[in-house]
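Please read through the structure below; I'll follow up with questions.
Quick note: the coordinates plus some simple rules give every number you see, no bench work behind them. These numbers were taken from a predicted model, which means no experiment stands behind them. Using ideal geometry, Cβ is built from the backbone for each residue, glycine included, and neighbour counts are taken over all protein chains shown.
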Amino acid sequence: MRRARRRDRRVYLFSHPLLFALLTATRRWPVQRLGGTVLVHSRDAFRDGLTRIPLDRSAAGTTGGAAGELTGGELLFNQDGAGHRGSRRTIMEALGAEGVHRLRPVWTAVLDHRLAPLAAGAPIDLVDVAAELAGATTAALLGLSTDPHTLAAAARTAAAAAAREHLPGRPRRRAGQTAARTATAALTALLDVPAEDRALAAMLAVAAINTTVAALPRAVAWCADADLWSYADSDPDALTSELFRVTAPTPLLPRVAAGPGTAGGCPVRAGDRLVLVARHAADAHRTGPCPADPAPASVAQLVFGLGAHACPGARLARLQLTDTLRALARHRPRVVSARVDRRSALPGWSRLIVAATR
């Protein structure tokens, strides 16, 4: 377990070192105010930040603000009221039980094809597998004929460019803004959907592909280093839940308060910037994955958000990871080499080479 945590910690230390140094230094306090920024670490304060404080969905530096600025559209992330509820309902229907059942053969076909070399003793790159799996699933979700690798590469480039411009505390530069808009335009050009749906489709592609490419390889590395493969058959749901809790693919949520409220007893003013640290709220920094005694669902769910701010793709993400781990478990792969992605929007690997141990 120590080796697994040490390896996974590298994705934070090498990808966003200054940001995560700040979060580490302040995590002893449930909530910490630094000027107009409120860092939210504790579980209760995290819940307050998502359910008890009105949020400005289109403020600069937030997910919604970045989405609207780059695409010029009203999206799930920056809509309010009826518009938000309508978009969310449409997405929930597409990613509900029936929608996920329809998409499942897409990613299982990728797994069958891409994991086959393990049986012959050849190594594979799990990051490349995850990119193809995410690209193929997203293309099927959006009804596209785009090559999965091409779609995944465009979505990852767009997310990385946007993240560099919207990290909390980072000064914005015109060149960076131009690069982000160029990358988003390149992604949008791949989306053969009605013009009025293109902005939302772009953001769905960015969210689905980047979280998948960040999460799957990190989960596999944890399984390999901590030898958790037996749980993929004996208790796959607990294994998946614990790995998502510990990897926390989207480790922090940048938000801006639209009105006054409190988070963990700390007063929050309208206009305050909130940094909601999902990784700390789910206790990922303190406890490793334990499928034999998993964290309660109410805790594990926090990495997917809460209430009206819960991720609509959680069901799909869980099933994709469960299927991936089950397909790999028969080979009990070990990590041969790993390289941190220093440019990605989310902490993750740019390469994770694994080989079968049996």
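Name the residues whose placed amide hydrogens come within less than 5 Å of the amide hydrogen of Val336, ignoring near sequence neighbours (fewer than 5 apart) on the same chain.
It is Ile353, Val354, Ala355, by chain and number.
Could you state the number of Å between the C-alpha centres of segment 225-299 and segment 320-358?
21
Could you tally the net charge around Ile209, taking each other residue with its Cβ under 14 Å from the Cβ of Ile209, Lys/Arg +1 and Asp/Glu -1?
Every neighbour counted, the sum reads -3.
With each run of n ≥ 4 DSSP H residues scored as -39500 (n - 2.57), what mean residue ellipticity at 222 nm is computed for the chain after dividing by its residue count and rounding to the nearest 500 deg cm²/dmol?
After summing the helix terms and dividing by the residues of the chain, the value is -17500 deg cm²/dmol.
Would you mind getting me the FRET efficiency between Ala185 and Ser145? Use the beta-carbon distance for r and R0 = 25 Å, nearest 0.05.
My answer for the efficiency is 0.80.
Between Asp197 and Glu98, what length comes free when the chain is fully extended (0.36 nm per residue of separation minus the Cα-Cα distance, one decimal in nm)?
Fully extending the segment from Asp197 to Glu98 adds 33.5 nm.
Oh, and also: Between Arg28 and Ala310, how high is the FRET efficiency from 1/(1 + (r/R0)^6) when r is the Cβ-Cβ distance and R₀ = 25 Å? Nearest 0.05.
Efficiency, from the Cβ-Cβ distance: 0.35.
Moving on. Dipole of the chain, Cα-centred, from +1 at each Lys and Arg C-beta and -1 at each Asp and Glu C-beta, to the nearest 20 debye?
1360
Mind ranking 135-142, 252-259 by how tightly packed they are, going by the mean number of other C-beta atoms within 10 angstrom, highest first?
135-142, 252-259
To continue, here is another question. Arrange the peptides 148-159, 117-128 so that the one whose residues have, on average, the most other Cβ atoms within 10 Å appears first.
148-159, 117-128
Using packing as a proxy for protection, rank 296-304, 325-333 so that the peptide with the highest average count of other Cβ atoms within 10 Å comes first.
Peptide ranking by packing, descending: 325-333, 296-304.
Normalised by the residues of the chain, what does the relative contact order come to in percent, with Cα pairs under 8 Å and at least six apart?
With pairs under 8 Å counted, the relative contact order is 28 percent.
First select every other residue whose beta carbon is under 12 angstrom from the beta carbon of Ala300; then total the charges, Lys and Arg +1, Asp and Glu -1.
In short, 0.
What length, rounded to one decimal in nm, is gained on full extension from Ser230 through to Arg10, with 0.36 nm per residue of separation minus their alpha-carbon distance?
Separation in residues times 0.36 nm, less the Cα-Cα distance, equals 76.7 nm.
Now, a different point. Determine the sum of side-chain charges near Ser15: Lys and Arg each +1, Asp and Glu each -1, restricted to other residues whose C-beta is under 9 angstrom from that of Ser15.
Charge balance near Ser15 sits at +2.
If you don't mind, another one. Modelling each spin label as a point 7 Å along the Cα-to-Cβ direction, I'd like the Thr262/Asp112 distance in nm, to one decimal.
Between Thr262 and Asp112, the label points sit 5.7 nm apart.
Now for a different question. Which order do Val336, Val268 fall in if you start with the one that has the fewest other Cβ atoms within 10 Å?
Ascending number of Cβ neighbours within 10 Å: Val336, Val268.
Continuing with the same structure: Tell me the label-point distance for the pair Asp44, Ala270, using the 7 Å Cα-to-Cβ offset, in nm and rounded to one decimal.
Reported label-point gap for Asp44 and Ala270 is 2.8 nm.
Would you mind ranking Val220, Val193 by Cβ crowding within 10 Å, fewest neighbours first?
Result, fewest neighbours first: Val193, Val220.
Same structure again: Can you tell me the FRET efficiency between Arg334 and Thr178 if r is taken as the Cβ-Cβ distance and R0 is 35 Å, rounded to the nearest 0.05?
Working from the Cβ atoms, E equals 0.25.
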